[in-house]
Amino acid sequence: MDFDYARSLLTGGKKWKEKSAVMSASSEAYQKLLAEALDMNRSRILAFKNKPPTPVELIPKSWLSPTAYQSKFIKPCRSIPKTCQRTLDAPNISDDYNLNLLDWGANDVVAIALSQTVYLWNASNGSITELVTFNNEEGPVTSVSWAPDGQSIAVGLQNSHVQLWDSSAQRQLRTLRGGHRLRVGSLAWNNHVLTTGGMDCMVINNDVRLRSHIVGTYRGHHQEVCGLKWSPSGKQMASGGNDNLLYLWDRSRASLNSGAQWLHKIEAHTATVKALAWCPFQANLLASGGSDRCVKFWNTCTGTCLNSVDTGSQVCALLWSKRERELLSSHGPAENQLILWKYPSMRRMAELSGHTSRVLFLAQSPDECTVASAAADERLMFWQVFGIPEVAKPTPRTSSEPFALWHGMR
């Protein structure tokens, strides 16, 4: 700010006008030249001599724009196929909500029970094998479950027995008997321990390595046990029953004589509880579903219900994605669809339609991308709902012995 010029304008402006009225032409010209020389022709008191310097951008503007932020930090929405990849016939599959007749093993083989027979479908080459057919005194088959090694498979039967089979050799390994009195509709593996649930309300731990295989029992249900799932850690187990009850058990409390005391007895469901799924990315989180149309989420340490969602139809099965925070559910009438949910918002990401009867069973592939669904419409469908399988890169052949290849060719 030019203080002298400002003072001159404030105090001498009136005098300048009075003098200019009586001033001669030569004096007036002189005054104009003097004003130009002293830069007194300005009309503004405040003025910048030069333009201010451009400020330095500490944070680029492109980073602050919403579109740029989304493109840099938010994963793009993946495309979820709405149609199944493959459909296979499943004649004579039982339309029984309490049974568990489908499983997908670590060997990439799908096991499905159709009435008296267990079939194996190899997903790698598409071959179908008839593992075993039971007679009327033993069957029909009421449950199937692959062992963790993908080699052995457990088969629950109507006559209360459980048989173990070698899938490759197609031979029976042993029969577990004496534990249940009625059909065995649910099975769950925990390493070498096979847990069985039956219509006699019993839940039994069987160590398949021992001759006397019964090593623990869990008592609590008053009607048929139709859902069993061990937690990923193998320390907790959930059981659901036709008595509308959900129990949480601790493995260390299993007792051979009196039966184990449960961790939590949950009575929040109002109908049969069958669909159970432990979260793979959050410890002590269990999802449960049943005929009351609800999917509920539980903190298994405290027994607290974290959320409950009314899906609008019977919940038959649940599967967590092991890649994303997503949950897949299968349903009964009226839509008989599969629904993919985003967790924890429980926003519907996709609805998969194709079955014409309730979708009773779900099984997940070893690559964690494909899901098989079996329904009362006697069809087995395959959906690539959890993403695209990664193509494994070939590993170069290495040897610790120098010139191993040269010696082999000599």
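The values are calculated or read from the model by the stated rules, or taken from the named source; none is laboratory data. Only a predicted model underlies this, so the values are computations on that prediction, with no experimental measurement involved. Here the Cβ positions follow ideal geometry from the backbone for every residue, glycine too, while neighbour counts run over all protein chains shown. Areas reflect the complete protein model, heavy atoms only, side chains present, ligands, DNA and RNA absent. Shrake-Rupley method; radii C 1.70, N 1.55, O 1.52, S 1.80 Å.
Evaluating 6.51 cos²θ - 1.76 cosθ + 1.60 at θ = phi - 60° for every residue in region 127-137, the Karplus couplings come out as 6, 10, 10, 8, 6, 7, 10, 9, 7, 5, 6 Hz, glycine and proline recorded as x.
If you take the square roots of the eigenvalues of the alpha-carbon gyration tensor of region 229-304 and sort them as a ≥ b ≥ c, do you get rounded (a/c under 1.5), prolate (a/b over b/c) or oblate? Judged from the Cα gyration tensor, region 229-304 comes out oblate (a/c at least 1.5, b/c at or above a/b).
Less than 5 angstrom separates the built amide H of Arg219 from those of Ala260, all sequence-distant by 5 or more or on a different chain. All other residues whose Cβ lies under 13 angstrom from that of Asp310 are scored, Lys and Arg at +1 and Asp and Glu at -1, for a net of +2.
Which of rounded, prolate or oblate describes region 160-300 when judged by the alpha-carbon gyration tensor and an a/c cut-off of 1.5? Because a/c hits 1.5 or more and a/b exceeds b/c, region 160-300 counts as prolate.
Mean projected area of the Cα convex hull of region 167-211, taken over all directions, amounts to 3.7 nm². Ordered from largest to smallest accessible area (heavy atoms of protein chains, 1.4 Å probe), the residues Val315, Val309 come out as Val309, Val315. When a/c reaches 1.5 or more, the comparison of a/b and b/c decides; with that in mind, is region 300-397 rounded, prolate or oblate per its Cα gyration tensor? Oblate, because a/c is 1.5 or more while a/b does not exceed b/c. Placing pseudo-labels 7 Å out from each Cα toward the beta carbon at Ser308 and Asp367 gives an inter-label distance of 4.0 nm.
Estimated at the nearest 10 Å², the accessible area of Glu130 is 100 Å² with a 1.4 Å probe.
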